[in-house]
1. Can you give me the number of residues within the range 129-167 that are closer than 23 Å to Asn114 by Cβ, in a loop (DSSP other than H, G, I, E, B) and in contact with a helix residue (DSSP H, G or I) (Cβ under 7 Å, 6 or more places away or on another chain)?
2. Please indicate, with yes or no, whether at least one residue in the range 307-322 is free of Cβ contacts under 8 Å to residues at least 12 places away in the same chain and either touching a strand residue (DSSP E or B) at 6+ places or on another chain (Cβ under 6 Å) or more than 19 Å from Pro56 (Cα to Cα) (or both).
3. List, please: which pairs have Cβ atoms under 6 Å, are six or more places apart or on different chains, and start with a residue in the range 388-406 that is part of a helix (DSSP H, G or I) and end with one that is among the small types (Gly, Ala, Ser)?
4. Residue check, Thr118 against (1) buried (at least 16 other Cβ atoms within 10 Å of the Cβ); (2) touching a Phe, Trp or Tyr at 6+ places or on another chain (Cβ under 7 Å), all met but one. Which one?
5. Checking Gln361 against (1) at positive phi; (2) assigned to a loop (DSSP other than H, G, I, E, B), which single condition isn't satisfied?
6. Please count how many residues of the range 285-337 are in contact with a Phe, Trp or Tyr (Cβ under 6 Å, 6 or more places away or on another chain) and of a type in the set (Val, Ile, Thr).
7. In this structure, does Asp94 turn out to be part of a helix (DSSP H, G or I) and within 24 Å of Asn135 (Cα to Cα)?
8. Can you tell me which residue in the range 76-115 is farthest from Gly32 (Cα to Cα), limited to those that are loosely packed, with under 13 Cβ neighbours inside 10 Å and touching a Pro at 6+ places or on another chain (Cβ under 9 Å)?
Amino acid sequence: MADKALSGTLTFGDAQRISGPRAFNLMIKPAGSLCNLDCHYCYYLDKAEIYGGKEPKMSLEMLETCIRKYIESNEVPEICFNWHGGEPLVMGLDFYRKAIELEQKYGKDKKILNTLQTNGTLLTQEWANFLKDNNFLVGVSVDGPAIVHDRYRRDKGGNPTLQKVIRGIELLYRTGVQYNTMTTVNKSSEGHGLEVYNFMKSLGSQYMQFMPVVEHIKYPLTAAGKPNKGARPFIVDPATEGAQLAPWSVSAIGYGKFMNEIFDYWVRNDVGRYFVNLFDSTLAGWVGAQPGTCVYAETCGGNSIIEHNGDVYCCDHFVYPKYKIGNIATDSLAEMMDSPAQTKFGIEKRNSLPHKCLKCQWFKACHGECPKHRFNLTESGETGLNTLCDGYRLFFSHVAPYMDFMKDCLLKETAPAAVMAWARMK
């Protein structure tokens with residue numbers, strides 16, 4: 001097991017965060033798990049079961065409470081509203097017009113930013129105009145060319161969705177809306193790294209997120225008590241009895257090779273022009289800076305979510321009853337963010353790691369990655385090893401010389417893009 005001496009202890013960074021001005025991010029899910037698509041690997045569609053199988057929408061009264069308390073509870077001059085789902089566009093334009101009105105009402109002298117993550121299929125010119133006029137940064141979920149994207153990203157009728165997504169992106173581009181792409185790396189992605197990367201570039205994406213998908217599933221039972229493999233399976237905790245690895249899960253080595261393939265092209269041609277979340281976070285870890293995403297940070301707990309009814313959970317990937325820390329309608333949001341439960345959730349990311357991770361030469365860049373992927377055993381039988389460990393080790397060992405070079409560039413106050421000429425000579 002992980003070192004018990006660490007249990008309950010804070011990192012220096014966490015102590016600074018807790019003792020300083022309160023600053024945290026909220027992912028707001030006004031439509032809960034409601035979505036117009038039926039992506040095979042979606043971990044959030046099942047969350048409707050928590051609410052009796054229903055997918056109600058956030059009321060305007062709850063929206064006002066959410067915006068007011070989020071602004072009041074943050075003690076920093078800049079606040080970002082992150083609209084997520086499900087599919088947040090199913091709320092309709094009037095909902096977000098009201099949100100902007102409420103942000104202006106309660107924002108006072110604070111700078112208010114908005115991001116919105118969408119599957120892109122419901123975008124219209126009216127939506128694009130609104131997003132442009134209100135300076136939204138839009139994240140579009142797209143997995144690559146049709147051979148990859150349409151394998152698992154289907155609509156409720158089982159139809160492919162890529163062409164609808166492309167039409168939505170074209171609207172954003174023509175209207176001048178700022179957007180980036182969020183791409184899952186799943187089983188169908190393996191062997192297509194450079195193809196996927198170049199496809200994202202063709203869509204006009206300069207900021208790309210590549211998120212590995214590893215899930216466990218369990219099929220509902222038939223009347224005879226047998227697994228109904230013709231039905232949509234539930235995505236479950238790996239410890240659930242009868243759970244099995246989902247067929248769309250990326251393999252550890254497959255993920256590592258996928259990212260290496262992209263990196264080899266990027267480091268010779270695109271440094272400083274196109275930005276990839278894993279590459280940026282790895283360089284941050286190399287120089288001892290905070291990564292841009294909680295996945296690679298030493299601890300977590302600063303990115304909670306609010307469901308449609310005001311329920312607050314520690315994290316988007318841990319929307320289970322035991323991780324609910326309150327409801328924004330009845331509880332103080334500031335107290336929830338400062339609560340022992342939230343703090344414990346954050347530091348457990350570090351405190352629950354096996355010794356193998358703590359001694360690993362790549363710990364500075366990985367920090368065990370996301371706890372949702374930590375269900376393997378180490379060679380000595382310790383729990384909590386990330387299932388993607390071999391893939392990350394393959395990636396970090398491959399990029400190490402280039403990260404060393406870019407680190408030296410930063411120390412010399414020169415642009416890391418100088419690595420491209422050096423890499424082409426290797």
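The values are calculated or read from the model by the stated rules, or taken from the named source; none is laboratory data. Note that this is a predicted model, so its numbers are computed, not measured. Cβ atoms come from the backbone with ideal geometry, glycine included; neighbour counts cover every protein chain shown. Areas reflect the complete protein model, heavy atoms only, side chains present, ligands, DNA and RNA absent. Shrake-Rupley method; radii C 1.70, N 1.55, O 1.52, S 1.80 Å.
1. 2
2. The answer is yes, given that some residue of the range 307-322 is free of Cβ contacts under 8 Å to residues at least 12 places away in the same chain and either touching a strand residue (DSSP E or B) at 6+ places or on another chain (Cβ under 6 Å) or more than 19 Å from Pro56 (Cα to Cα) (or both).
3. From the range 388-406, the pairs are Asp390/Ala252; Gly391/Ala252; Gly391/Gly256; Leu394/Gly256; Phe395/Gly256; Phe396/Ala365.
4. With respect to (1) buried (at least 16 other Cβ atoms within 10 Å of the Cβ); (2) touching a Phe, Trp or Tyr at 6+ places or on another chain (Cβ under 7 Å), Thr118 is out only on (2).
5. (1) is the only condition that Gln361 fails.
6. Adding up the residues that qualify gives 2.
7. When the stated conditions are applied, Asp94 passes them.
8. Once the filter is applied, the top-ranked residue is Asp109.
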